[in-house]
Amino acid sequence: MASFLKKHRYALISFVMLLPGLASFFGLFFYPMLVTVVRSFRPEGVTTAWTLRNYTDFLGQASTRQVILLTFFLAIACTLLSIVLSVPLTLLLRQKLAGHRLFRLTILVPITVPGLVGALGLLLFYGSRGWLNLLLMQGLHVVQEPVKINYTLTGLVIFYVWHYFSYTAVTTLSTLEGLDPAFEEAARVAGASPWQVLRHVVIPLIMPGILAGSVLTFMAAFGAFSIPLITGGSYRPLAVQIYKQIEVFTPARWEAASAMAVVMALLQLVFLTFYMRVLRRPTAS
């Protein structure tokens, strides 16, 4: 026994150190997900039978396609706009311009503010008597009527981008600042223009950071709940629809909600797999 412990002591130490993490993973993720999957195959209020009705009822509804398309549209639009905003913003912050520390702190604000608080703040800011409309109507006199942003699809996309683009911006900035300037200097010495340096040197080298950040942004936006619940109006993505099964219906439809959650997780997994394969595919120069 002593020889066995001596021979495998490093493996045992590693296992003991990993045990709290494994227990947390099982208790906080694996077990709840397993319960959700099992309940999705149960009839409502029954724990001894199995059925596919929860899936067929959900996927057979006429409104399901619109809900899924809305969820994907919001997540994809948020992800793409986050990339478009993050790349030039991080390129500017990399130059250490005056006030860059304040801008870096500002980038972190959306992910530190709770979603519910952020949603209420956005409704007040973009409301008919909010700061934006007051500026446009009374300050700049460019419009006569309040610009309607709250409870619109365009407004919802704006709110998504505000709340979730920080993930892309932070990872992109971290990757960009870790880039060796020698690569860019070599390209300029070889006669490349600033645009060519950006296109053929900088962007490919920081692509892992962009990819990592955009994946985090997509995952957060795809499962968004507080923002669409408070600011979505009639636009209800999957997370809100799942919430309705539990809070709106009496009695709560836990089995139907579980089936919708499983479908949502599968859709997210399939899209992320496709997305990462496409972005990691080598392209011809």
Item to check | Unique match (being among the aromatic types (Phe, Trp, Tyr) and out of contact with any helix residue (DSSP H, G or I) (no Cβ under 9 Å at 6 or more places or on another chain)) among TRP195, TRP131 | outcome: TRP195
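Take segment 136-151 and flag every residue that is part of a helix (DSSP H, G or I) and loosely packed, with under 13 Cβ neighbours inside 10 Å. Outline the logic, then answer.
Within segment 136-151, the subset part of a helix (DSSP H, G or I) is 136-139.
GLN138, GLY139 - these are the residues of segment 136-151 that are part of a helix (DSSP H, G or I) and loosely packed, with under 13 Cβ neighbours inside 10 Å.
Can you tell me which residue among LEU102, LEU97, LEU80 is free of Cβ contacts under 8 Å to residues at least 12 places away in the same chain and assigned to a loop (DSSP other than H, G, I, E, B)?
Working: LEU102 fails: assigned to a loop (DSSP other than H, G, I, E, B); LEU80 fails: assigned to a loop (DSSP other than H, G, I, E, B).
After applying the criteria, what remains is LEU97.
Quick one: in segment 109-123, which of the residues that are in a helix (DSSP H, G or I) and under 15 Å from the mean Cα position of the chain (by Cα) is surrounded by the fewest Cβ atoms within 10 Å (Cβ to Cβ)? I'd like the intermediate steps shown before the answer.
Residues of segment 109-123 in a helix (DSSP H, G or I): 109-112, 115-123.
Now restrict to residues that are under 15 Å from the mean Cα position of the chain (by Cα): 110-112, 115.
Values: PRO110: 17, ILE111: 17, THR112: 9, GLY115: 20.
Out of the qualifying residues, it is THR112.
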Checklist entry - Is there a residue being touching a Ser or Thr at 6+ places or on another chain (Cβ under 7 Å) and either part of a helix (DSSP H, G or I) or without any contact (Cβ under 8 Å) to a residue 24 or more places away in the chain (or both) anywhere in segment 274-282? => result no
Checklist entry - Somewhere in segment 210-232, is a residue outside any helix (DSSP H, G or I) and among the aromatic types (Phe, Trp, Tyr)? => result yes
Checklist entry - Among the listed residues THR231, THR168, THR217, which satisfies the condition of being touching a Cys at 6+ places or on another chain (Cβ under 8 Å) and closer than 24 Å to VAL117 by Cα? => result THR217
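Of THR154, THR171, which residue is of a type in the set (Val, Ile, Thr), farther than 18 Å from GLY233 by Cβ, at pLDDT 90 or above and assigned to a helix (DSSP H, G or I)? Even if it seems obvious, please write down each step before you answer.
Values: THR154 fails: farther than 18 Å from GLY233 by Cβ.
Going through THR154, THR171 in turn, the sole match is THR171.
The values are calculated or read from the model by the stated rules, or taken from the named source; none is laboratory data. Please read all numbers here as calculations on a predicted model, not as lab measurements. So basically every Cβ, Gly included, is an ideal-geometry build from the backbone, and we count neighbours across all protein chains shown.
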